[in-house]
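> Next up is a structure, given as structure tokens.
The values are calculated or read from the model by the stated rules, or taken from the named source; none is laboratory data. Please read these numbers as outputs of a predicted model, since none were measured by experiment. FYI the Cβ positions are ideal-geometry reconstructions off the backbone, even for glycines, and counts take in every protein chain you see.
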Amino acid sequence: EADIYQTPRYLVIGTGKKITLECSQTMGHDKMYWYQQDPGMELHLIHYSYGVNSTEKGDLSSESTVSRIRTEHFPLTLESARPSHTSQYLCASSQTYTDTQYFGPGTRLTVL
Amino acid sequence: GNSVTQMEGPVTLSEEAFLTINCTYTATGYPSLFWYVQYPGEGLQLLLKATKADDKGSNKGFEATYRKETTSFHLEKGSVQVSDSAVYFCALRTNSGGSNYKLTFGKGTLLTVNP
């Protein structure tokens with residue numbers, strides 16, 4: 001059973017607000033990922049991390065930023081939310097030398 | 001680069017019908033192949049995987065065989081249920097070309113099973 005958590009599950013917020021989406025995993029995985037899922041279901045990798053103090057941009061450019069100060073925690077921050085940021089955000093983790101990524105339940109963000 | 005092409009949906013079936021969702025891939029090296037499923041309102045779950053040619057992954061009545069000669073990994077189930085209604089993603093992962101454990105996903109196929 002995968003133990004990866006995301007909060008909040010749903011967030012409705014006004015333009016210009018700063019937001020942080022939380023992601024935590026209790027499996028001790030070294031790798032973590034953020035995906036953006038558009039309404040057409042397609043997944044886009046926006047950030048990933050290979051371990052503490054390691055973060056990289058993904059395949060899709062994003063105005064969000066991430067940090068990895070602790071192994072289990074990989075928060076995503078938007079300094080100034082805009083309607084174009086409205087989407088579902090999925091966090092995932094995996095262990096080095098294994099194939100499987102485990103996904104959290106997602107955060108559905110709506111920016112008005 | 002790596003890419004995954006899967007059958008466009010939506011797919012609508014009656015309960016107990018046979019399911020096939022096609023998936024083909026382009027990759028450098030020797031990829032591992034996956035099917036993930038996303039139920040409504042949830043994140044993705046690994047459904048099955050295969051790590052080398054001719055391997056068959058199976059789970060919950062679903063099967064897919066890694067076909068290197070046709071670069072395919074089609075998902076099949078002999079008799080679908082209403083509870084199988086979900087979005088299905090085909091994905092691959094390689095260790096070469098700097099991919100560094102990242103997954104490449106197809107665009108997803110929405111399956112709806114009617115009673």
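> For the stretch A:19-41, check the following and say yes or no: at least one residue is of a type in the set (A, V, I, L, M, F, W, C), at pLDDT below 95, at positive phi and touching a Leu at 6+ places or on another chain (Cβ under 9 Å).
yes
> Among (1) part of a strand (DSSP E or B); (2) of a type in the set (Val, Ile, Thr); (3) modelled with pLDDT under 90, where does B:Thr20 come up short?
If we test B:Thr20 against (1) part of a strand (DSSP E or B); (2) of a type in the set (Val, Ile, Thr); (3) modelled with pLDDT under 90, just (3) comes out false.
> Return the residues of the stretch A:71-112 that are among the acidic types (Asp, Glu) and free of Cβ contacts under 8 Å to residues at least 60 places away in the same chain; say none if nothing qualifies.
Those that are among the acidic types (Asp, Glu) and free of Cβ contacts under 8 Å to residues at least 60 places away in the same chain: A:Glu72, A:Asp99.
> Could I ask something else about it? Out of all the residues in the stretch A:47-95, which are within 11 Å of another protein chain (Cβ to nearest Cβ) and in a loop (DSSP other than H, G, I, E, B)?
A:Gly58, A:Asp59, A:Gln95, listed by residue number.
> Could we say that A:Tyr35 is among the aromatic types (Phe, Trp, Tyr) and closer than 21 Å to B:Leu47 by Cα here?
Yes: the conditions hold for A:Tyr35.
> Take A:Thr55 and decide whether it is surrounded by 13 or more Cβ atoms within 10 Å (Cβ to Cβ), of a type in the set (S, T, N, Q) and touching a His at 6+ places or on another chain (Cβ under 7 Å).
Judged against the criteria, A:Thr55 is a match.
> Just for the stretch B:16-68: of the residues that are basic (Lys, Arg) and either over 14 Å from B:Leu92 (Cα atoms) or out of contact with any Phe, Trp or Tyr (no Cβ under 6 Å at 6 or more places or on another chain) (or both), which one is nearest to the other protein chains (Cβ to nearest Cβ)?
Out of the qualifying residues, it is B:Lys52.
> For the structure I just gave you, tell me whether B:Lys77 is modelled with pLDDT under 95 and either in contact with a Cys (Cβ under 6 Å, 6 or more places away or on another chain) or farther than 24 Å from A:Cys91 by Cβ (or both).
no
> Can you report the number of residues in the stretch A:13-46 which are assigned to a loop (DSSP other than H, G, I, E, B) and within 12 Å of another protein chain (Cβ to nearest Cβ)?
7
> Return the only residue of B:Thr26, B:Thr104, B:Thr112 being farther than 28 Å from A:Pro105 by Cβ, out of contact with any Asp or Glu (no Cβ under 6 Å at 6 or more places or on another chain) and among the β-branched types (Val, Ile, Thr).
On inspection, the qualifying residue turns out to be B:Thr26.
> Scan the stretch B:78-93 and tell me whether some residue there is away from chain A (no Cβ under 14 Å), farther than 28 Å from A:Arg9 by Cα and of a type in the set (Asp, Glu).
Within the stretch B:78-93 (the criterion being away from chain A (no Cβ under 14 Å), farther than 28 Å from A:Arg9 by Cα and of a type in the set (Asp, Glu)), the answer is no, since none of the residues qualifies.
> For the stretch A:75-98, what are the residues that are under 30 Å from B:Tyr30 (Cα atoms) and crowded, with 20+ Cβ neighbours inside 10 Å?
Listed by number, the residues that qualify are A:Tyr89, A:Leu90, A:Cys91, A:Ala92, A:Ser93, A:Ser94.
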